[in-house]
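Just so you know, all these numbers are worked out from the coordinates, no wet-lab data involved. Here the structure is a predicted model, which is why all the values come from computation and not from measurement. Every residue, glycine among them, receives a Cβ derived from its backbone with ideal geometry; neighbour counts consider all protein chains shown.
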Amino acid sequence: MKNGTFPYGTTPNKAISNAIAELGDEPYNMSLVGEHRTLMTEIINQGIDSHLEAFTQSSFSDDGNRLHCDVGPNDMLILLRRLSAIPHGLSFRSDILYTLEIEEI
C-alpha cells in the first residue's frame, strides 16, 4: 500500500495523519448501515473519553436506517483510536485505513 502496511491496531499516528493530510481539509464521508452503523453510534456516544477528546469537527445524521458521517481530519485519529480499543472494531478500522491506502493485517 502507498502509505504502509502494519499489524492490526499499530499504524503510527504520523502515518495516519499524513494519509489524512492528502485528503485536504474536506471531511471523510461515510454512510453506514447495520453493524458499522451500530458501532459508530456507540463510538460517537462515548463523548469525552479518557484521553479528554471528543468529536468536535464532525457531523453525524441518522435517518433511521443509515448513519451519515462527515468526520473532520482531526477527529479521524480519535475515531481510529477508539476503534482499535474495541476487539470488534479492528475490522472497521482496517476498512477505513484501506481507503487511505494504509493496510492493517
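Cβ-Cβ distances below 9 Å connect the following pairs, each with a first residue in region 82-96 that is surrounded by fewer than 20 Cβ atoms within 10 Å (Cβ to Cβ), a second residue that is among the basic types (Lys, Arg), and a separation of six or more residues or different chains: SER84/ARG93; ILE86/ARG93. Scanning region 21-46 for residues that are more than 8 Å from PRO73 (Cβ to Cβ), of a type in the set (Gly, Ala, Ser) and in a helix (DSSP H, G or I) gives a single hit, GLY34.
Within region 4-20, how many residues are in a helix (DSSP H, G or I) and surrounded by fewer than 13 Cβ atoms within 10 Å (Cβ to Cβ)? Total meeting the criteria: 2. Out of all the residues in region 52-74, is one or more over 11 Å from the mean Cα position of the chain (by Cα), in a helix (DSSP H, G or I) and free of Cβ contacts under 8 Å to residues at least 12 places away in the same chain? No: region 52-74 contains no residue that is over 11 Å from the mean Cα position of the chain (by Cα), in a helix (DSSP H, G or I) and free of Cβ contacts under 8 Å to residues at least 12 places away in the same chain.
Among the residues of region 1-42, the ones that are closer than 18 Å to ARG81 by Cα, touching a strand residue (DSSP E or B) at 6+ places or on another chain (Cβ under 8 Å) and of a type in the set (Ser, Thr, Tyr) come to 6 in all.
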